[in-house]
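Student: One structure, pasted below without further comment.
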Amino acid sequence: MKTDLSVRIGSLHLKNPVMVASGTFGYAEEFKDFLDLRQLGAVVTKTVTLKPRSGNPSPRTCETPSGMLNSIGLENPGLEVFLKTKLPFAAKLGIPLIVSIASESDPQEFVELACRLERVKSVSALELNISCPNVKHAGAATALISQDPAATKAVVRSVRKVSTKTIITKLSPNVTDIVPIAQAAQAGGSDAIALINTLTGMCIDVRRRRSRIAMPVGGLSGPAVRPVAVRMVWEVYRKIKIPIIGMGGIIDTFSALEFLIAGAAAISVGTANFVDPAVSGRIIAGLKEYALENKIASVRSLTGSIVKPCVQPKK
Ligand SMILES: Cc1cc2nc3c(=O)[nH]c(=O)nc-3n(C[C@H](O)[C@H](O)[C@H](O)COP(=O)(O)O)c2cc1C
C-alpha cells in the first residue's frame, strides 16, 4: 500500500506536513549538516523586519521544566541583508520557502515588506508574525496586534491587497479566546493560520531575586506548552475554513499526530530543533510509518479526525 503525505496550504504544495518553526531553524543553512533539508515540507525563516535589529540584551534564554523561555527580541539583519545573504541558500532547496515578517512599530511596515517580497520569485509565502511577545508596538491599544481582532484583520487585509503570495497569519496564545482572532485573520484574507507563538512567562533566580533572562518576561515554548497549543488548534479548527499549521512542543511523531488529529493540516517543529537538529526528518519518517501501519491512504484524512467526545462542548 502507498501512502500520500502531501498537503496544501493556500497555493503551496507540501510533499509532507512537516515544517520548521520561525526562529528555531535560522535561515535553514545552519541545519544543512544535520539533515537533508529537501525532505522537509517547507522551511519558515527567522522573522525579518525592514531594518536590522540587534535584539534584546543577554541572557536571552533559559531552560524551564519541559521547555525554555526566550526573549530574543527579533534579532535579524533586516530585509536588505536578508535578501542578499540569507535567502539565496534557502531559495535553492526546491521546497516551499516561507518568509516570516514583522513590523517594529508601525503595522504599515508589513505592507512595505510584503511589497518588496512580492518581487522575489523564490519566496512562496509570507508568514505574518503579529504575535511576537518580545517586541512592543508604540502607542498600540494592546501589546500585540494578534490580541485584537480588528487590528489583526486590518493588518492581514492590508497585506492581502499588495500580495499574491500565500499568506499565513501567526497567532499568539496570550489571549482569552483564540477563535475571534483566527476568524479575523480569515476575514482579512489569510490563506492559513499558524498557531501557537510562545506563551508569556517568567523565571526567577531566587538567590539573586532576578529574572533568569535579562528581560523580566519572555516566551515559553517546548513540550510544556503542547496541551495549550493542541487545545487552541482544536478550538480554531471547528470555527474556520482555512488550514491550520499547528506548533508548540512537538518533539516526535506522536506529538505531531496530536496536532493533526486536533485539526492541523500541517505542523511545525520549533524548540525540539535545539535538542535534536535532525528531529524533523525523523518525524517525517515516523508519520509515513504510522500511516502505513494504520492503512491511512492520505495524511490529509487525519486532520480533525479526533473522535467526538461523549460530552459535547457548549456552542
Ligand atoms: C529561540 C526562539 C526564537 C523564536 N523566534 C521566533 C520568530 O522570530 N518568529 C516567530 O514567529 N516565532 C518565533 N519563535 C516561536 C516559534 O516559532 C514557535 O511558535 C514556538 O516556539 C512554539 O513552538 P515550539 O514549542 O515547538 O518551540 C521562537 C521560538 C524560540 C524558542
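The values are calculated or read from the model by the stated rules, or taken from the named source; none is laboratory data. All figures in this text were calculated on a predicted structure; none of them were measured in a lab. Here Cβ is always computed from backbone atoms with ideal geometry, including for glycine, and neighbour counts include all displayed protein chains.
Student: Given the structure, is Lys295 over 19 Å from the mean Cα position of the chain (by Cα) and over 21 Å from Pro227 (Cα atoms)? Let's see the steps before the verdict.
Tutor: Numbers: over 19 Å from the mean Cα position of the chain (by Cα): yes; over 21 Å from Pro227 (Cα atoms): yes.
Taking the combined requirement at face value, the residue satisfies it.
Student: Something else now. Residues that are within 14 Å of the ligand (Cβ to nearest atom): which strands (runs of 3 or more DSSP E) entirely in the stretch 11-55 hold 2 or more of them?
Tutor: Fully inside the stretch 11-55 and qualifying: 18-20, 42-44.
Student: May I ask you to list pairs of residues, at least six apart or on different chains, whose Cβ atoms are under 6 Å apart, with the first in the stretch 60-88 being of a type in the set (Phe, Trp, Tyr) and the second being surrounded by 14 or more Cβ atoms within 10 Å (Cβ to Cβ)?
Tutor: Here the result reads Phe82/Val48, each pair linking the stretch 60-88 to a residue that is surrounded by 14 or more Cβ atoms within 10 Å (Cβ to Cβ).
Student: Of all residues in the stretch 206-231, how many are assigned to a helix (DSSP H, G or I) and either farther than 19 Å from Thr24 by Cβ or within 9 Å of the ligand (Cβ to nearest atom) (or both)?
Tutor: Selection size over the stretch 206-231: 7.
Student: Hey, any hits in the stretch 224-238 for a residue that's under 17 Å from Gly10 (Cα atoms) and aromatic (Phe, Trp, Tyr)?
Tutor: yes
Student: Scan the stretch 224-237 and report the pairs whose first residue is of a type in the set (Lys, Arg) and whose second residue is near the ligand (Cβ under 10 Å from one of its atoms), with Cβ atoms within less than 8 Å and a gap of 6+ or a chain change.
Tutor: Matching pairs, first to second residue: Arg226/Gly248; Arg226/Gly249; Arg226/Ile250; Arg226/Ser255.
Student: So, in the stretch 16-57, of the ones that are in contact with a strand residue (DSSP E or B) (Cβ under 9 Å, 6 or more places away or on another chain) and basic (Lys, Arg), which residue ends up surrounded by the most Cβ atoms within 10 Å (Cβ to Cβ)?
Tutor: Lys46
Student: Now for a separate question. Out of the stretch 103-136, which residues are touching a strand residue (DSSP E or B) at 6+ places or on another chain (Cβ under 6 Å) and within 16 Å of Asp148 (Cα to Cα)?
Tutor: Leu128, Asn129, Ser131, Pro133
Student: Name the residues in the stretch 60-86 that are in a loop (DSSP other than H, G, I, E, B) and exposed (fewer than 15 other Cβ atoms within 10 Å of the Cβ), would you?
Tutor: Pro65, Ser66, Gly78
Student: Still on this structure: Hey, among Thr47, Thr85, which residue is among the hydroxyl-bearing types (Ser, Thr, Tyr) and closer than 15 Å to Ala21 by Cβ?
Tutor: Details: Thr85 fails: closer than 15 Å to Ala21 by Cβ.
Step by step, each of Thr47, Thr85 is checked, and only Thr47 is among the hydroxyl-bearing types (Ser, Thr, Tyr) and closer than 15 Å to Ala21 by Cβ.
Student: Could you give every pair whose Cβ atoms fall below 9 Å, whose first residue belongs to the stretch 240-264 and is more than 19 Å from Val307 (Cβ to Cβ) and within 14 Å of the ligand (Cβ to nearest atom), and whose second residue is among the charged types (D, E, K, R) and assigned to a loop (DSSP other than H, G, I, E, B), counting only separations of at least 6 or pairs across chains?
Tutor: Going by the 9 Å Cβ cut-off, the qualifying pairs are Ile251/Asp276.
Student: Which condition number does Leu257 fail, the rest of (1) under 22 Å from Thr200 (Cβ atoms); (2) in a helix (DSSP H, G or I) being met?
Tutor: Of (1) under 22 Å from Thr200 (Cβ atoms); (2) in a helix (DSSP H, G or I), only one is false for Leu257: (1).
Student: Moving on. Could you please give the count of residues in the stretch 265-307 that are outside any helix (DSSP H, G or I), within 15 Å of the ligand (Cβ to nearest atom) and in contact with a strand residue (DSSP E or B) (Cβ under 7 Å, 6 or more places away or on another chain)?
Tutor: Taking the stretch 265-307 as the starting set, the residues that turn out to be outside any helix (DSSP H, G or I) are 265-271, 276-278, 294-298, 303-307.
Next cut, within 15 Å of the ligand (Cβ to nearest atom) only: 266-271, 276-277.
Then drop every residue that is not in contact with a strand residue (DSSP E or B) (Cβ under 7 Å, 6 or more places away or on another chain), which leaves 266-271.
Result for the stretch 265-307: 6.
Student: Restricting to the stretch 104-118, name every residue that is modelled with pLDDT of 95 or more and either surrounded by 21 or more Cβ atoms within 10 Å (Cβ to Cβ) or of a type in the set (D, E, K, R) (or both).
Tutor: Passing the criteria: Glu109, Phe110, Glu112, Leu113, Ala114, Arg116, Leu117, Glu118.
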